[in-house]
Amino acid sequence: MAVVDIIIRHATPVDVPRLKTLVDDAYGVYLDRMDRPPAPMLKDGSADVAAGRVWVAVDGHDAGHVGDAKVICGLICMHPVNDALFIENVAVDSPTQGRGVGRRLLEFAERHADQLGLSRIALYTNELMTENLHIYAHLGFHETARRVEDGYHRVFMEKPIHDEARSSHHTEQPRKDIIMTITPDELIGTWEIVSYTLTRDDGTVFHPLGEDCEAYLIYTADGHVSAQMSATGRPAYASRDLHEGTTEEMAAAAHGYVAYCGTYTLDLEHSNVIHNIEISMNPTWEHQSQVRHVDYDGELLTITADVNTARLVWRKARRSME
């Protein structure tokens, strides 16, 4: 069978009914072997989705329908435990099984563990699911323990992330399946800065607006974007008049500030957001379309730019109650 082109993104609450159907389909084949339903069939997955632990594989041929749960063909639920990324569940719907989706979800898990600085990925399966034992062994997992939990006879397995594996993640050729780590609905809202860095030609990293800069990035539901970034401690104009600063005062104010607005579009195929800049404090950027690569881990949004070596880390802003 042909390999499926997929997009991998975070699951959203609207996906939950489809995920339940998918899990029941994937694990239903084991009902005749076991004296009780497999544990994933009994679990309410909504809490894991809300916690950002679940990613879904979406058929790439239907990429234009991201957000439509019907095109979901696989899922993986995982979270860090000590120095490992623990995979609680990986499932592929029966029409798509055998076409590489499960393998690519596990490869995504390994890349995610690498990004988090973890040394291994771990999982378990039921000892009656013998097919899984063979698949995981073929993919480099080794058995670490067997024990009974909640009445289930489980086989625990793990796979170390070697230095050569880390290197290969940065040098391998691009795949047809794409990792889209944020959905359009998740992107919408106001984000506040965690860090903003640039990298010089010699590899050194610096903070162009200082380590304690302040910034907001806003994406609206109707497709507009606005960014405001400021160094702290910029001196106010002596005149206290918005338009009556000295040349030196205005230069200092502008040097410590970045601001622009316009519209944005999502490039799901390459996990990019394109900022179509209409107005900018620095007129050099006006009427440009600038590509930003997006990576989202459920809490932090990391954006890297194609126009320079910028790396910006954001988190959803929490409205002050003071």
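A short reminder: the numbers here are calculations on the coordinates, not readings from a lab. Note that the coordinates shown come from a computational prediction; the quantities given were computed from them, not determined experimentally. Reconstructed Cβ throughout: ideal geometry from the backbone, glycine too, with neighbour counts over all protein chains shown.
Each label point was placed 7 Å from the Cα along the Cα-to-Cβ direction; for Thr144 and Ile279 their separation is 5.4 nm. Label zone (Phe156, point 7 Å along Cα-to-C-beta; backbone nitrogen cut-off 13 Å) within region 105-146: 122-125, 143-146.
Other residues lying with their Cβ under 15 Å from the Cβ of Glu278 contribute a combined charge of -2, Lys and Arg counting +1, Asp and Glu -1. Peptides 45-52, 71-78 ranked from most to least packed, by the mean per-residue count of other Cβ atoms within 10 Å: 71-78, 45-52. Rounded to the nearest whole Hz, the Karplus-based 3J(HN,Hα) values (6.51 cos²θ - 1.76 cosθ + 1.60, θ = phi - 60°) of region 192-202 follow the sequence 10, 6, 9, 7, 9, 10, 10, 10, 6, 4, 7, with x at glycine and proline. Tyr237 sits among other residues whose Cβ lies under 9 Å from its own Cβ, and their net charge, with Lys and Arg +1 and Asp and Glu -1, is -2.
Once both labels are positioned 7 Å from their Cα atoms along Cα-to-Cβ, the gap between Ser46 and Asp241 label points is 6.0 nm. Within the listed set Asp241, Asp35, Asp297, the Gaussian network model of the chain (springs between alpha-carbon atoms below 10 Å) gives the highest mean-square fluctuation for Asp241. Per-peptide packing, taken as the mean over residues of other Cβ atoms within 10 Å, places 96-105, 284-293, 252-261 in the sequence 96-105, 252-261, 284-293 from highest down. The structure-derived value of Cα Rg over 2.2 N^0.38 Å appears in the list [x] 1.78; [y] 1.00; [z] 1.18 under the label [z].
Estimated from helices alone, the mean residue ellipticity of the chain at 222 nm is -5500 deg cm²/dmol (sum of -39500 (n - 2.57) over DSSP H runs with n ≥ 4, per residue). Highest mean packing first, where packing is the average number of other Cβ atoms within 10 Å per residue, the peptides 151-159, 214-222 line up as 151-159, 214-222.
Our estimate of slack between Phe206 and Lys20, defined as 0.36 nm per intervening residue step minus the Cα-Cα distance, is 62.3 nm.
Considering only the chain, what is the antiparallel percent among its DSSP beta bridges, to the nearest 5?
95 percent
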